[in-house]
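Worksheet: one structure, shown below.
The values are calculated or read from the model by the stated rules, or taken from the named source; none is laboratory data. This is a predicted model, so every value here is computed, not measured. Backbone-built Cβ (ideal geometry, glycine too); neighbour counts: all protein chains shown. Just the protein is used for accessible areas: all its heavy atoms, side chains included, with ligands, DNA and RNA removed. Shrake-Rupley method; radii C 1.70, N 1.55, O 1.52, S 1.80 Å.
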Amino acid sequence: VLVIDADCLVEPGAITRLAARCTATGRPVQALYLMRSPPGSGLKTRVAEFAWLVKNQVRATGLYHLGLPCQLMGTGMAFPWGCISSAALATGHIVEDMKLGLDLAQAGAAPLFCPDALVTSFFPSSDAGMQGQRTRWEHGHLSVIAGEALPLLRRALFPFQRELLALALDLCVPPLALLCMLVTLLWCGAAALHFFTGAVAAPTIATVTLLLLITAVMLSWLRVGRRVLPFSQLLLAVFYALWKIPLYAKFLVSRQVEWVRSRRDS
């Protein structure tokens, strides 16, 4: 069974490759799913496209080369009938694709990545559509982290299950903008601790963490991001992170729990 959203474009040969790998492995298979910026898009949409590349291409390709599974991405998915026919689909979960992938992994059928099958779609061009889409995705992701991460890590470690552990750790990585904000706040707190107490260990760990994050973002930009985001605009990405502060604050006080369809262009 293949699932492809109606607003997606499928590259030639993608369906054949997905079906062939699904048949050969007997496991769910996820295509490379990318979202593009509509022509004339502003900074926020282009930064969002870069963040999407990091999440769905860079990280998924890394897991693929390590021989590890990936998260389901909502479209471009192929399932053996034996997996999907017994799966709990009517969950009403706000990020039903991610939840389904985790459920299948716990049942011994973790999804595999298929990087040579490409499926694409476009971000909404309206601010309302973009905001609604981001709220649903990110509140859903954070809800799964809050509710699923620790139990999943426990199941992966006792007894040890390599593939489930990889998915659990990948799940724990928050959205890129939030990750950057959290690491920056960690560094500022550690710097203040050093200033007032002379502590060395915490500032050292925080500095190494910040440098590793910057290095990872820069390498991702050099590899896949230059075509969507010039370096000058990459430096302005901090404003994109600031734009999302209300979205994360809303998660703490009034998180979105129901699936709401994003407003689409005509």
Requested in this report: Go through region 150-231 and tell me which helices (runs of 4 or more DSSP H), entirely inside it, have 1 or more residues that are β-branched (V, I, T), in contact (Cβ under 8 Å) with a residue 12 or more places away in the chain and out of contact with any strand residue (DSSP E or B) (no Cβ under 8 Å at 6 or more places or on another chain).
Outcome: 176-197, 201-220
Query raised in the report: Looking at region 154-168, which of its residues are touching a helix residue (DSSP H, G or I) at 6+ places or on another chain (Cβ under 8 Å), of a type outside the set (K, R) and open to solvent by 40 Å² or more (accessible area, probe 1.4 Å)?
Result: L157, Q161, E163
Query raised in the report: Going by the structure shown, is T135 in contact with a strand residue (DSSP E or B) (Cβ under 6 Å, 6 or more places away or on another chain) and within 26 Å of S220 (Cβ to Cβ)?
Result: no
Report task. Pick out, from region 12-116, the helices (runs of 4 or more DSSP H) lying fully within it that include 2 or more residues that are more than 20 Å from R223 (Cα to Cα). Result -> 14-25, 81-84, 96-106
Query - Total residues in region 226-249, condition basic (K, R) and surrounded by 11 or more Cβ atoms within 10 Å (Cβ to Cβ) - result: 2
Query raised in the report: Residues of region 1-15 being more than 18 Å from C83 (Cα to Cα) and surrounded by 15 or more Cβ atoms within 10 Å (Cβ to Cβ), which ones?
Result: C8, V10, E11, A14, I15
Report task. Only residues in region 39-66 that are aromatic (F, W, Y) count as the first member; pair them with residues that are assigned to a helix (DSSP H, G or I) and surrounded by fewer than 17 Cβ atoms within 10 Å (Cβ to Cβ), Cβ under 7 angstrom, at least 6 apart or cross-chain, and list the lot. Result -> none
